[in-house]
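Encoded as structure tokens, the structure appears first; notes follow it.
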Amino acid sequence: MKILFIAEAKSFMVDAITKNLTAAKFEVIFAKSKINDIEPLQKDALIILMYLSDNVDDMTDTLVYLKDITVEGEKKLFIVGSESEVKTVKQIIPEAVITGVMPRPLNVKELVDRMNDAVSDLNKREEKKHILIVDDDPVMLRTIKEWLSAKYNVTMVNSGMNAITYLAKNRPDLVLLDYEMPVCSGPQTLEMMRSESDTSDIPVMFLTAKGDRESVMKVLSLKPEGYLLKTMKPAEIIDSLETFFEKQKAAEVSRL
């Protein structure tokens with residue numbers, strides 16, 4: 001498994017971390033904390049380890065870039081740093097995006113254990129169905145993710161345009177789409193998906209607070225797989241998803 005190890009410069013601790021990760025059979029790819037250094041190296045690494053230093057206040061662009069590639073590439077992001085350095089990072093990268101934080105002074109053995117746990121989790125994630133949640137409400141995003149994460153691999157984006165950007169590089173098994181969002185509504189997002197050959201057949205269900213007949217009828221021509229209401233109990237939403245995947249599997253078997 002490849003780990004992209006980002007640090008401002010080589011040091012005794014950076015060398016020690018690299019040595020221990022290499023001994024644990026990881027392929028460590030070192031990059032300085034500049035976007036131009038990170039960009040060509042990040043594509044094949046599903047784990048990012050960032051060793052912070054006192055220049056973190058000057059890293060806004062890099063942190064925004066890391067947030068984007070972590071979400072879009074479904075990577076695991078680990079941060080090593082002091083309490084104040086980590087606090088600065090969390091002002092730019094939401095806590096939900098960060099897989100783990102390890103304080104300094106660092107226990108290198110614990111770090112290696114965390115990386116091994118991340119690999120195990122990535123391997124398990126490959127076996128789960130992948131659901132993309134699209135909603136402009138951050139509280140709702142986190143809530144839905146909590147409901148679904150035990151059974152599904154869940155990715156979150158907070159706008160229709162971010163969903164389109166994500167889908168340009170990734171293919172989830174199902175999109176759960178909010179109806180009312182600023183700039184690009186749920187129906188507009190689905191229209192864009194249906195108009196592109198690469199995304200036209202990705203299954204979509206609406207998960208929304210809009211339950212009026214007019215709203216439902218408006219999107220029927222776009223052929224969503226379902227129309228769920230946020231007022232439903234979590235168990236009912238999960239049952240609806242399980243029923244969809246079971247029917248999908250049965251249809252695939254019948255075509256063999």
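Looking only at residues in segment 101-116 that are free of Cβ contacts under 8 Å to residues at least 24 places away in the same chain and more than 16 Å from Ala23 (Cα to Cα), the one that is farthest from the chain's Cα centre (by Cα) is Pro105. As a summary of the residue check, Ile144 satisfies the conditions (1) among the β-branched types (Val, Ile, Thr); (2) over 14 Å from the mean Cα position of the chain (by Cα); (3) in a helix (DSSP H, G or I) except for the one numbered (2). When Leu106 is tested against (1) exposed (fewer than 15 other Cβ atoms within 10 Å of the Cβ); (2) more than 30 Å from Val134 (Cβ to Cβ); (3) at pLDDT below 95, just one condition goes unmet, and that condition is (1). Scanning segment 46-87 for residues that are buried (at least 17 other Cβ atoms within 10 Å of the Cβ) and of a type in the set (Val, Ile, Thr) yields Ile47, Ile48, Val56, Thr62, Ile69, Thr70, Val71, Ile79, Val80, Val86. Can you tell me which residue within segment 195-236, out of those that are among the hydroxyl-bearing types (Ser, Thr, Tyr) and out of contact with any Lys or Arg (no Cβ under 6 Å at 6 or more places or on another chain), is surrounded by the most Cβ atoms within 10 Å (Cβ to Cβ)? Looking at residues that are among the hydroxyl-bearing types (Ser, Thr, Tyr) and out of contact with any Lys or Arg (no Cβ under 6 Å at 6 or more places or on another chain), I get Thr208. Considering each of Ser185, Ser200, Ser221 in turn, give the residue that is outside the structural domain of Glu72 (by TED's automatic domain parsing) and either over 30 Å from Lys76 (Cα atoms) or aromatic (Phe, Trp, Tyr) (or both). Selected residue: Ser221, the only one of Ser185, Ser200, Ser221 that is outside the structural domain of Glu72 (by TED's automatic domain parsing) and either over 30 Å from Lys76 (Cα atoms) or aromatic (Phe, Trp, Tyr) (or both). Residues in segment 65-84 that are within 14 Å of Val157 (Cβ to Cβ) and not basic (Lys, Arg): Asp68, Ile69, Thr70, Val71, Glu72, Gly73, Glu74. Of all the numbered requirements in (1) modelled with pLDDT under 95; (2) surrounded by fewer than 20 Cβ atoms within 10 Å (Cβ to Cβ), Val101 misses one, and that requirement is (1).
Within segment 193-217, the set of residues being out of contact with any Ser or Thr (no Cβ under 6 Å at 6 or more places or on another chain) and assigned to a helix (DSSP H, G or I) comprises Ser195, Arg213, Glu214, Ser215, Val216, Met217. Of all the listed residues (Pro182, Pro172), the sole one being farther than 30 Å from Asp44 by Cα and not polar (S, T, N, Q) is Pro182. Taking (1) closer than 26 Å to Ile93 by Cβ; (2) in a helix (DSSP H, G or I); (3) free of Cβ contacts under 8 Å to residues at least 60 places away in the same chain in turn, Tyr166 satisfies each apart from (3). Among the residues of segment 56-68, the ones that are in contact with a helix residue (DSSP H, G or I) (Cβ under 8 Å, 6 or more places away or on another chain) and either assigned to a strand (DSSP E or B) or within 21 Å of Leu41 (Cα to Cα) (or both) come to 7 in all. Condition test on Asp117, is it farther than 17 Å from Ser240 by Cβ, of a type in the set (Asp, Glu), modelled with pLDDT under 90 and in a helix (DSSP H, G or I)? Criteria not met by Asp117. The set of residues in segment 169-192 being assigned to a helix (DSSP H, G or I) and touching an Asp or Glu at 6+ places or on another chain (Cβ under 6 Å) consists of Gly186 alone. Sort out which residues of segment 120-141 are modelled with pLDDT under 90 and part of a helix (DSSP H, G or I), and write them in order of number. Within segment 120-141, Ser120, Asp121, Leu122, Asn123, Lys124, Arg125, Glu126, Glu127 meet the criteria. Within segment 29-45, restricting attention to residues that are under 12 Å from Leu66 (Cα atoms) and of a type in the set (A, V, I, L, M, F, W, C), the residue that is surrounded by the most Cβ atoms within 10 Å (Cβ to Cβ) is Ile38.
The values are calculated or read from the model by the stated rules, or taken from the named source; none is laboratory data. What you see is a predicted model; the values in this text were computed from it and never measured. With ideal geometry, Cβ positions are generated from the backbone for all residues, glycine too; neighbour counts draw on all protein chains shown.
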